[in-house]
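Bear in mind that the values in this text are calculations on the coordinates, not laboratory data. Since we're looking at a predicted model, the values are computed, not measured. As a convention, Cβ positions derive from the backbone with ideal geometry for all residues, glycine included, and neighbour counts pool all protein chains shown.
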Amino acid sequence: MLKSSAHQKASSRTSGFITSMLVAAASLGSMSAAAQTRLTIPDANISASGSDINLPVNANDGSLSTRWSADASGGAQWLQYNLGGCYKIACANLAWYNGDSRKYNLTLQTSNDGRTWSDVFNGTNSGTTAMLKPYAFGDKSARYVRLQSTGSNVNNWVSLSEMEIWTNGTGNCSSYALDPKKSPGENFDLSGYKLQTLDGALQFKQVSPINTYTDKYFYTDSSTGAMTFYVPSGAGSTTNSHYPRSELRTNATWRMGGTRTLAVSMKVLQQPATKQIIIGQIHGEQSGGSELLKLRWTNGDILMGVKTNFGDSEQRILIKSGVAIGENIDYVIKLAGSTVTVTVNGTSKSFTYNTASWSNVDLYFKLGAYSQDSSADGTYAKVAVTALK
């Protein structure tokens, strides 16, 4: 069924599903009619600099009767969408709270990595309508879209009823701001991480601070600038494991409660003989089963391994299947209170833990290549990371 993008919304917001629609030329003003798609953004992919009781996800709920609000009296507030992949952005449709009587100062931005931003629009809304209005992006390729505002001509509050992202298909986000001649620590902010890698004898070692460190198992790809993790099967392991790894882990630890997020863009370039790699984790300091979450690659299937209670056997939940070697993987791990939501290329799965069982466990994030092959069979795991947030 064909619908106008400017005034109608799909009732279903199934995670990871892209609803195809036709955007009419009348809705887009100077833009010509074209077959476009509106991205369905999982709530887990939405973040903001702040809010009052009107939460950021309200701008993504398909209703003009709810809103995201934030006080910008101390500076600009922002709302950010992780698109779950690289897309050519046709436009963002915005509906402002009391937009028929208020003019909001606004900037729309795009990013490939969530760190470096480019302005697409600077100005105000019309002040004549509270309905959805399109802001053209000119098919700019991006993985992230961000709205910034300092308030309106009435006050310093930013109040947005809805934001939709419309695309013209898959984009090209290969040109990250990564220098192939620099070390991973120069291309990425790794000041909050330590490296768990291998030494010359293929035994486990830890590097902290990372700074400009590089070796055979942790290096910058000479063509793409990607941060690369290489792990030969059967190499040395940590004390409580049988498997080798080249991984980053956060220095800071925290306990369940509040919200913690890890966002990574990466590719599996090679899998070991077992075809299994752990590419992201929420781990605990205690021994005896403190792995809160393991994000698993299993021959192109991506699963989340979770435990209701500390020390339980792992349950595995399929998130995405059929991911090819070398295909881009954008994942977000978000732990909010006792619920973890993992989003992979726009598809989300959630799981809720028994808070009492985990409340005293110090937790931290990990990412990279944790090979699940303990045999010296001549194979290896190789993972390339192009964005980390």
**Complete:** Distance in nm between SER321 and ALA252 label points, each 7 Å along Cα→Cβ, equals 3.9
**Request:** Using θ = phi - 60° and the Karplus relation 6.51 cos²θ - 1.76 cosθ + 1.60, list the HN-Hα couplings for the stretch 221-235 in order, rounded to whole Hz, with x at every Gly or Pro.
**Result:** 5, 6, 9, 9, x, 5, 6, 10, 10, 10, 9, x, 5, x, 6
**Extension reserve of the SER49-ALA336 stretch, reckoned as 0.36 nm per residue once the Cα distance is removed** = 101.7 nm
**Item:** Local net charge near TYR81, Cβ-Cβ under 10 Å (Lys/Arg +1, Asp/Glu -1)
**Value:** +1
**Asked** Once fully extended, how much extra length lies between THR261 and ALA273, figured as 0.36 nm per residue of separation less the alpha-carbon to alpha-carbon distance?
**Response** 1.2 nm
**Request:** Note down the nm distance, to one decimal, between modelled labels 7 Å out along Cα→Cβ at ASP189 and at ALA376.
**Result:** 4.2
**Item:** Net dipole in debye of the stretch 184-388 [+1 Lys, Arg Cβ; -1 Asp, Glu Cβ; about Cα centre; nearest 20]
**Value:** 320
**Message:** Once you place label points 7 Å from the Cα toward the Cβ at VAL154 and PHE121, how far apart are they in nm?
**Reply:** 2.0
**Request:** Principal axes first, then extents: for the Cα atoms of the stretch 251-357, list largest minus smallest coordinate on each axis, whole Å, largest first.
**Result:** 39, 26, 26
**Asked** Near GLN315, within a Cβ-to-Cβ distance under 14 Å, what is the net charge of the other residues, with Lys and Arg +1 and Asp and Glu -1?
**Response** +2
**Request:** Set the Förster distance to 22 Å, then compute FRET efficiency between SER313 and ASP362 from the Cβ-Cβ distance, nearest 0.05.
**Result:** 0.50
**Item:** P(r) of the stretch 19-170 over all Cα-Cα pairs, binned every 10 Å from zero, in whole percent
**Value:** 12, 44, 37, 7, 0
**Asked** Tell me, what is the FRET efficiency for ASP100 and THR170 to the nearest 0.05, using R0 = 51 angstrom and their Cβ-Cβ distance as r?
**Response** 0.90
